[in-house]
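One structure is given here, and the rest of the page talks about it.
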Amino acid sequence: MQPFGCILMFEVMKRDIFQAIADPTRRAIIALIALQAMTPNALAENFHTTRQAVSKHLRILTECELVKPEYRGREIYYSLEIEKMKEIDEWLEQYRQIWETRYEQLDEVLAVLKSQKG
């Protein structure tokens, strides 16, 4: 029997957006539905996999709130949740700032080296 904490940790990990986007198929699904809402069948046509496999990826993306289903009659269309994507962008922003600072420092070093050479 597993302690409750282990089960809870698994549930939290299962819904982590970074684990969701770590999978290349899920990233491809996100790229496709960023352009337009699509059904699982339409998405499956873009992959060498089954509709069931695409549905599993969509379930994970839905649990992470990266995509949202919209029922239109008998069809389900999945669209991108832009607000959730902003969370990823905000997390990356801290690293963007570090990279930009380092590039600026590298530019300064290169300028010094260039002036010493000439």
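Scanning the stretch 64-108 for residues being assigned to a helix (DSSP H, G or I) and of a type in the set (Lys, Arg) gives a total of 4. Once the stretch 71-85 is narrowed to residues that are exposed (fewer than 11 other Cβ atoms within 10 Å of the Cβ) and either in contact with a Pro (Cβ under 7 Å, 6 or more places away or on another chain) or not aromatic (Phe, Trp, Tyr) (or both), the residue that is nearest to residue 41 (Cα to Cα) is 74.
Remark: pairs (first residue in the stretch 65-84, touching a residue at least 40 places away in the same chain (Cβ under 8 Å); second residue loosely packed, with under 14 Cβ neighbours inside 10 Å and not in a strand (DSSP E or B); Cβ separation under 6 Å; 6+ apart in sequence or on different chains) = 80/34. Only one of 33, 21, 60, 29 is closer than 22 Å to residue 83 by Cα, in contact with a His (Cβ under 8 Å, 6 or more places away or on another chain) and part of a helix (DSSP H, G or I). Can you tell me which? After applying the criteria, what remains is 29.
Each value in this text was obtained by applying a stated rule to the coordinates, not by laboratory testing. These figures come from a predicted structure and were not determined experimentally. Every residue, glycine among them, receives a Cβ derived from its backbone with ideal geometry; neighbour counts consider all protein chains shown.
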